[in-house]
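Worksheet for the structure shown next.
Just so you know, all these numbers are worked out from the coordinates, no wet-lab data involved. Note that the structure is predicted; figures quoted are calculated from it, not measured. Using ideal geometry, Cβ is built from the backbone for each residue, glycine included, and neighbour counts are taken over all protein chains shown.
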Amino acid sequence: MDAASDESISSGTLKYLGSDWETPPIDPEKPKNEVEPGGEIVKTEGLLRLDLVPQFIFGPQAVSTEDQVYYSNAQLFKGDTPARANYIQLSDNRGSLEGWQLTVRQETQFMNEHAQTKELSGAVLSFDKQWGNSTTNQEYQPTIVKDAIKISEIGATYPIAIAGKGKGSGTWTIEFGSSGSVEGIENTLTPVINADGKPVTDPTVEDKPMYKNSAVALFVPGQIAKDPVKYSTTLTWTIAVL
């Protein structure tokens, strides 16, 4: 005699949630490690966002009538993380794999509205030796501009990286230079030493030793007027859908 049998149908469901919560800053040379950068953290929100943009500080310099190239202070962190080259961090959690483009624009020349000489005419900011890193599979890495980026035209937009369709998902860092901890990536950091040959430290970041990063440079012509004041500019970093 045949045994009676019954059949029933069940279902399985899966729902993807957009990861639009904050992504903490990560070590650009050891991206599995979260870090706490010294200084202000500037970021945007959304599924496609900038988690951290670099702040370039060239520090006090003597007034000179000779052409000068100044290097940016490297990025310092609280805790045990050593100094790193300046970097930008971004996340693409849209899940669409549509791609994106990262650009930078310098809004003004280095200026001080209260000085007699209000701008450093002819000053040129430049970035070099940029490279990308992520905990994501490297086959998804965006294409990063490899040539030095010289911002010779104020207000013009300069590409930094492009993620074509199917690329750039997850969280990525783009570092300008390196501390030399990653094999095959040139070290661009040098310690800042005072007149006595001792390391200069940053009191705002746990008195950690300061470094200069030769991959981020500011050229200032000698034969322009300049006052003994602070000059500054504004950079706009944009991440946009292709």
Taking a label point 7 Å from the Cα of Gln138 along Cα-to-Cβ, the residues of the stretch 182-197 whose backbone nitrogen sits under 19 Å from it are 182-188
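Report the extension gain between Ile224 and Lys30 in nm, rounded to one decimal, defined as 0.36 nm multiplied by the number of residues separating them, less their alpha carbon distance.
Net length gain for the segment: 65.6 nm.
Pairs of Cα atoms under 8 Å, at least six residues apart: use those to get the relative contact order of the stretch 78-219, whole percent. If you can, show how the numbers build up before the last one.
Numbers: 280 pairs, mean separation 45.4, N = 142.
With pairs under 8 Å counted, the relative contact order is 32 percent.
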Non-local residues with an amide H under 5 Å from the amide H of Val200, with H modelled 1.01 Å from N and Pro and chain starts lacking one, are Val192, Ile193, Asn194, Met210
So, with points 7 Å from each Cα along the Cβ direction, the Asn194-Val182 label distance in nm works out to 3.4 nm
On each of the three principal axes the extent of the alpha-carbon atoms of the chain, given in whole Å and largest first, is 107, 39, 33
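For a quick protection proxy, order the peptides 233-241, 166-174 by their average other-Cβ count within 10 Å, most packed first.
Numbers: 233-241: 14.0, 166-174: 21.1.
So the peptides 233-241, 166-174, ranked by packing, come out 166-174, 233-241.
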Expressed in µm² per second, the diffusion coefficient of the stretch 41-134 from the Stokes-Einstein equation, with Rh the Kirkwood radius over alpha carbon pairs, at 10 °C and 1.306 mPa s, is 95 µm²/s
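Below 9 angstrom from the Cβ of Ile185, what's the summed charge of the other residues (Lys, Arg +1; Asp, Glu -1)? Write down the numbers at each step before the final one.
On the way: positive: Lys129; negative: Glu29, Glu175, Glu183, Glu186.
Summing Lys/Arg as +1 and Asp/Glu as -1 gives -3.
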Note to self: C-alpha centroids of the stretch 208-242 and the stretch 120-172 sit apart, in Å, by 17 Å
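If you look for lysine pairs in the stretch 82-204 that are eight or more places apart or on different chains, how many of them have Cα atoms under 25 Å apart? Don't jump to the answer; show the numbers that get you there.
Working: Lys118/Lys150; Lys129/Lys146; Lys129/Lys150; Lys129/Lys165; Lys129/Lys167; Lys146/Lys165; Lys146/Lys167.
Here the count comes out as 7.
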Quick calc: nm separation of the 7 Å Cα→Cβ label points for Ala156 and Trp237 -> 2.2 nm
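Run the numbers on the chain and let me know its relative contact order in percent, using alpha-carbon pairs under 8 Å that are six or more apart. The partial results should precede the final answer.
Numbers: 541 pairs, mean separation 65.8, N = 242.
Relative CO of the chain lands at 27 percent.
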